[in-house]
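For reference, the structure discussed in these notes is given below.
The values are calculated or read from the model by the stated rules, or taken from the named source; none is laboratory data. Please read all numbers here as calculations on a predicted model, not as lab measurements. Positions of Cβ are generated from backbone atoms using ideal geometry, with glycine treated the same way; all protein chains shown enter the neighbour counts.
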């Protein structure tokens, strides 16, 4: 019974408690406390670590900590969200909501820490179901429709992922024989050379489609924008990014198996083309879908599609530096995007309510008139998303592009064009947000939650340009190991 | 030391003569034109009396003019004066020679043009503005054509310095080459435009709607008008000197030896006279053209200039 | 040993056949029946594999499959059909013939992909894998060519059957029972979801093309 | 330490970057004085430019470059939201071109990318159409710095890569590319500078022209360097660098002045200005100086570069084959047209805007420049004087830079001596003054002007009827009629917008429609996407392994 199990089990216990007792306010506070505890636990994991089914590596711990942090900040903002929104749902459903909050967090932790591909799959399935319930929480027609989409597409993805998982197991038979070892990432990575390459390629395809659905790579992205736009914002937007991380990391690990097999002369194909295709498709679809969005949450849903497409692209390029860039980009984006959504929630609250349907850009125009701090904060987050300096994303994107040039020059053409279009489309939203004349209204306080967003932004900047050597080493080693 | 002294004297002589002769040139051309039109024409020295009279007249300042009103005529006159000082007349090797770069000359012409145009816009009168606008239009093509022309000479003489060009052309007896013919035609077109002569502008015409240079001077009077008129005279002289130096360099004196001066002076006077006659003949034989025909006229000059430099290349290839 | 293969094989074939026939059905009742038979054969296959590999988990899987998928789910589905009066034929997105040709093509692809790719691996699972893959793909196809939510769910269910079929085929694969249970949870959510949506009167029809609310409200 | 994870950032200064820093410094001070002191974005903008100059590695260069773009984008947006997006697109485009160029080995492809990236940011035709929209939008100080500084930074990148980094692979045609682009910029920029009615837009167009001039100089030098012509290389570089210096002084001066005009009169349309010289004489005098530079008039700051450039082109025409001869004489003609057009534009700005009668009451009531901006303009004007009168000295100072760019270039002495010209002019003036005092009478009598026969205006038009004097559009009409229709088409639209921007926008719209169709798909269709993709990949896999 290793420490990692405690870290994973804690949120589920919390979910049990929050699901059974407490009103909205108590639940929100309890939720925050639980999140604080799991953040602390995820930090402590660096010291203790896990073994067996949850033998975590440094990368998993890093992203686990990120999940803990995001969960914490989201749960803190969630308090005021619940306060403002308590009347919209019966107490029972608020309990369910907080339970789901914890379950999603727990599922993402489980998915990150799991060394066993079966466990990973189970985590993804749990996350999917929890998110479905979360999306349909308000029971509005659009909410139910979004949930239905999420469920059908997510379910199919889960199914494909399971098929892929079994294929991996089968491919590992020649090397590892039957039994649990054939499902452990560590063992698989060790024996990748002796696996059945052809079968592994087939397996990777299904894994890519399965977890790619969770990572919302085009054309598997169908569920994401609607799901982001419905349901309680702290859960369905701020937190759901964590599952995307889990999916992307999973894809990375399986890609590594294939790569290693191919490199060792196995019959596996090179995983690059598959990833590059999906990545470029995501970039372009997102780029052209931005321009007609009215709802901010849906808009940034598409930006999440773009970002995971970019990461998939980096993974497809391959090579330690490109993987480093991809991982760094994942890290920064999974810090930036929740921050952005928290700022968005705060902005919507300043403009009235934060329930779905209050996130149209038309609601947010001229925000600095209501509160300078919050308005500029939101604008900064959006700006940072575009990846121009001094945004941290600039560093990772710079690395990715430079690697593309050196490894696969012609792919840098679609990459550059896609990133250009996306950045312009994102920047377009800032002008009206900041400078549009707003209806005269009373100046309102930004609230202490705004500082959390600032914290996110500072982290993104610091991790990108003032990267602690330890982090560089960690990511570098991980990239080297998974190359 | 002696050489310097001689050059200094020669320069002073050149400057003095040019400034003195300029109005006379105008008078001559007017007289000649009158004769060719079968009239008696004004006395040769009329321009001098005219200038003197203007100097003695009191100057009026339109109430809508700004403080710079008096500045423009002076600017135009000074620019033309400097260019006249630079362009060699009867002799080469003047002290001003080294500074007499063709492009500098073009720049000075542009400066004069700018000052005149601003003077025209000064009072905000309709005619002045129209004249300035037309002058700007002409200037655009004239300057382009002039630069292309200079290319031809620069290629022949391997320098863009007028003095150098004069020396080179005088030394190497260039036969009548096609390119020089083209260049001459183009040069004349530009010169006529710049000097405000028929066919692009009528110096003696007083129909406001058709005027270009005159229109810009409408609001000036007294000594300011004198400056403008004098600048006009200098402009004509400058162009004649330019053409004479480049196309009729024979017999030009050298500042170094005094003995060559008299011949140079005589020949210079002759050249000026010849050019004046030619100018008048041309003017009486042609009618003024419509304003918007002028760009075509100058565009043709520009192309001729390009042809000139191209033909130079061909000639150099075939060794002609 | 050969008996093991041939029997397992036979059952796999039957399952594939059911999956294929579902494509050709217009009426929900018939689809449900086909699904039920599929599930029953699957449970038999699971039990047989358990007997062959002496795996308790496989026995368990077989029993679960028999109880829930073979009996409970079909009953639930029939309930829904009764309750919503969906006896009439379901409209299809593609002409029958075309969708069946597609189905054949899919089976071809599955064989093409699996057979060369598993030369190295144990021969036992080859055909099993090909069959399972084709069942999965057919299920997906069924979800796409039917305009009716229930039909799509049936497609989903049969796809999931394909997964379980693959799972029980894997030699000594851990977590088989857990997987099937997890999948069952998914299915349960699916069916209950439909039930809830219907009962809460949010959509007047289960024809999914009719519920594009998001188009009408904010984008 | 700050920088790219694991690498950090290297800084490195050499003669070239120092020269451009010197170009940047005075205008930064001026812009700060002109009222940008308080803006954070402004200082970030400056920081970005400084970083680009001080960059010792690719990352720092791009970081600074994009930081500059981002900050200026924000400032543009503060002024006007509409052109900001277009501007952002161009800025990111240039970044997207430069990043690959940095990592490619020295090759023609790299140079083309650099030319595209830096050229787009510098407003080099045909990628210039953003400049006349974006530069006038922000407050005057920022416009000044964008026109005088940011453009130079882009050119700095172009020089740095074209002459130093990519030198091993240099080809003569690189220079030709620059010359062609430069000539096109000169023509379009100067022509539009004459036609535009908005003062700031006209100034921005003239910036396009000057960028073209610099590019021509660089092109001549680059070509000559590749062909091994030492003198010509030196001439071209001298022309380009001197032009950069001069333009970096008088263009900010003009932009700040335009800002003051806007502040004093509330409009920038030449059709509503006029007679400002009366209300704002100090400003008018400084604007006159700037305009003289913009028109490249002798004794002005702008003449020496033009002089050198023409010399360079003439010298280049002397060598080479028949094509070179024709090409260079055509280039010369273009430069001549450009110079004269610039003169017309400058005369128009001064003559219509500052001379004549006010065309609106605001223009009539204009008060002179505020203190800060005036000091800024005075500073720049004062710096213009040495550039105008001592260009030879300046060139001497620049020799290390030229050595750095082309080690074997030799720099012939400048044959344009402004001081001697000034001396001659003084002599002539003295003579005129003497004659005047000897024979003439002095004194000026102010009388009502003769308005070409128009009747006296009504009392409520104190300065006469504005419509009886030529407007900004009226002054440009002959040029528009003769050249505008030919070069810009009937509706006077910029060719690059017509042939480049239009098709791009249409394509983007089409793609957006497609994306919307995808987004509107029903659940079944979305499943179909997944399924189709899966089947396709499976097929690819099967064929890939089967065959």
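Tabulated data
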{"quantity": "Answer from B:260, B:221 - the residue that is within 19 Å of residue B:78 (Cα to Cα), in contact with a strand residue (DSSP E or B) (Cβ under 8 Å, 6 or more places away or on another chain) and touching a residue at least 24 places away in the same chain (Cβ under 8 Å)", "calculated": "B:221"}
{"quantity": "Selection status of residue D:84, surrounded by 24 or more Cβ atoms within 10 Å (Cβ to Cβ), more than 21 Å from residue A:397 (Cα to Cα) and free of Cβ contacts under 8 Å to residues at least 60 places away in the same chain", "calculated": "yes"}
{"quantity": "Number of the exception - residue A:50 against (1) touching a residue at least 60 places away in the same chain (Cβ under 8 Å); (2) within 23 Å of residue A:121 (Cα to Cα); (3) part of a helix (DSSP H, G or I)", "calculated": "(3)"}
{"quantity": "For residue D:454: the one exception among (1) at the interface with chain B (Cβ under 10 Å from one of its Cβ atoms); (2) in a helix (DSSP H, G or I); (3) surrounded by fewer than 15 Cβ atoms within 10 Å (Cβ to Cβ)", "calculated": "(2)"}
{"quantity": "Yes/no for residue D:316 being at the interface with another protein chain (Cβ under 8 Å from one of its Cβ atoms), over 22 Å from the mean Cα position of the chain (by Cα) and within 23 Å of residue D:214 (Cβ to Cβ)", "calculated": "no"}
{"quantity": "Test: residue in the range D:194-206 that is over 21 Å from the mean Cα position of the chain (by Cα), surrounded by fewer than 24 Cβ atoms within 10 Å (Cβ to Cβ), in the same structural domain as residue D:125 (by TED's automatic domain parsing) and touching a residue at least 12 places away in the same chain (Cβ under 8 Å)", "calculated": "no"}
{"quantity": "Residue list for the range A:174-196, filter: part of a helix (DSSP H, G or I) and either crowded, with 24+ Cβ neighbours inside 10 Å or in contact with a strand residue (DSSP E or B) (Cβ under 8 Å, 6 or more places away or on another chain) (or both)", "calculated": "A:180, A:182, A:183, A:185, A:188, A:192"}
{"quantity": "Residue match in the range A:257-265 (condition: in contact with a helix residue (DSSP H, G or I) (Cβ under 8 Å, 6 or more places away or on another chain) and in a loop (DSSP other than H, G, I, E, B))", "calculated": "yes"}
{"quantity": "Test: residue in the range D:392-401 that is outside any loop (DSSP other than H, G, I, E, B), closer than 30 Å to residue D:462 by Cα and within 14 Å of chain B (Cβ to nearest Cβ)", "calculated": "no"}
{"quantity": "Residue match in the range B:79-94 (condition: out of contact with any helix residue (DSSP H, G or I) (no Cβ under 9 Å at 6 or more places or on another chain) and in a loop (DSSP other than H, G, I, E, B))", "calculated": "no"}
{"quantity": "Checking residue B:71 against (1) buried (at least 23 other Cβ atoms within 10 Å of the Cβ); (2) more than 9 Å from every other protein chain (Cβ to nearest Cβ), the condition it does not meet", "calculated": "(1)"}
{"quantity": "Options D:257, D:266; residue that is at pLDDT 95 or above, touching a helix residue (DSSP H, G or I) at 6+ places or on another chain (Cβ under 7 Å) and in the same structural domain as residue D:199 (by TED's automatic domain parsing)", "calculated": "D:257"}
{"quantity": "The range D:87-114: number of residues that are closer than 19 Å to residue D:146 by Cα and touching a residue at least 60 places away in the same chain (Cβ under 8 Å)", "calculated": "1"}
{"quantity": "So residue D:391, is it surrounded by fewer than 20 Cβ atoms within 10 Å (Cβ to Cβ) and assigned by TED's automatic domain parsing to the domain that holds residue D:263", "calculated": "no"}
{"quantity": "Residue tally, condition more than 7 Å from every other protein chain (Cβ to nearest Cβ) and modelled with pLDDT under 85, over the range D:421-449", "calculated": "1"}
{"quantity": "Those residues of the range D:353-371 which are more than 22 Å from the chain's Cα centre (by Cα) and buried (at least 18 other Cβ atoms within 10 Å of the Cβ), in sequence order", "calculated": "D:354, D:355, D:356, D:357, D:358, D:359, D:360, D:363, D:366, D:369"}
{"quantity": "Lone unmet requirement of (1) at the interface with chain B (Cβ under 9 Å from one of its Cβ atoms); (2) out of contact with any helix residue (DSSP H, G or I) (no Cβ under 8 Å at 6 or more places or on another chain); (3) surrounded by 12 or more Cβ atoms within 10 Å (Cβ to Cβ) for residue D:500", "calculated": "(1)"}
{"quantity": "Evaluation of residue A:324 against (1) assigned to a loop (DSSP other than H, G, I, E, B); (2) within 14 Å of chain D (Cβ to nearest Cβ) (one fails), failing number", "calculated": "(1)"}
{"quantity": "Qualifying residue in the range A:365-378 (condition: touching a helix residue (DSSP H, G or I) at 6+ places or on another chain (Cβ under 6 Å) and facing another protein chain (nearest Cβ under 9 Å))", "calculated": "no"}
{"quantity": "Count of residues meeting criterion [more than 7 Å from every other protein chain (Cβ to nearest Cβ) and either outside any helix (DSSP H, G or I) or at pLDDT 90 or above (or both)] in the range B:99-130", "calculated": "11"}
{"quantity": "Residue list for the range A:101-120, restricted to those being within 13 Å of the chain's Cα centre (by Cα) and under 29 Å from residue A:24 (Cβ atoms)", "calculated": "A:104, A:105, A:107, A:108, A:109, A:111"}
{"quantity": "Single condition residue D:105 does not satisfy, out of (1) within 11 Å of chain A (Cβ to nearest Cβ); (2) assigned to a helix (DSSP H, G or I); (3) over 30 Å from residue D:373 (Cβ atoms)", "calculated": "(2)"}
{"quantity": "Test: residue in the range A:344-355 that is without any contact (Cβ under 8 Å) to a residue 12 or more places away in the chain and either surrounded by fewer than 20 Cβ atoms within 10 Å (Cβ to Cβ) or outside the structural domain of residue A:302 (by TED's automatic domain parsing) (or both)", "calculated": "yes"}
{"quantity": "Single unsatisfied condition, residue D:97 versus (1) at pLDDT below 95; (2) surrounded by fewer than 17 Cβ atoms within 10 Å (Cβ to Cβ); (3) within 25 Å of residue D:216 (Cβ to Cβ)", "calculated": "(2)"}
{"quantity": "Conditions (1) more than 16 Å from the chain's Cα centre (by Cα); (2) touching a residue at least 24 places away in the same chain (Cβ under 8 Å); (3) within 12 Å of chain D (Cβ to nearest Cβ); (4) closer than 25 Å to residue A:363 by Cβ: number failed by residue A:268", "calculated": "(4)"}
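Rundown of residues vs (1) at pLDDT 90 or above; (2) more than 10 Å from chain D (Cβ to nearest Cβ); (3) over 21 Å from residue B:244 (Cα atoms); (4) touching a strand residue (DSSP E or B) at 6+ places or on another chain (Cβ under 6 Å), yes/no style:
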| position | (1), (2), (3), (4) |
| --- | --- |
| B:274 | yes, yes, no, no |
| B:284 | no, yes, yes, no |
| B:291 | no, no, yes, no |
| B:295 | no, no, yes, no |
| B:307 | no, no, yes, no |
| B:310 | no, no, yes, no |
| B:315 | no, yes, yes, no |
| B:319 | no, yes, yes, no |
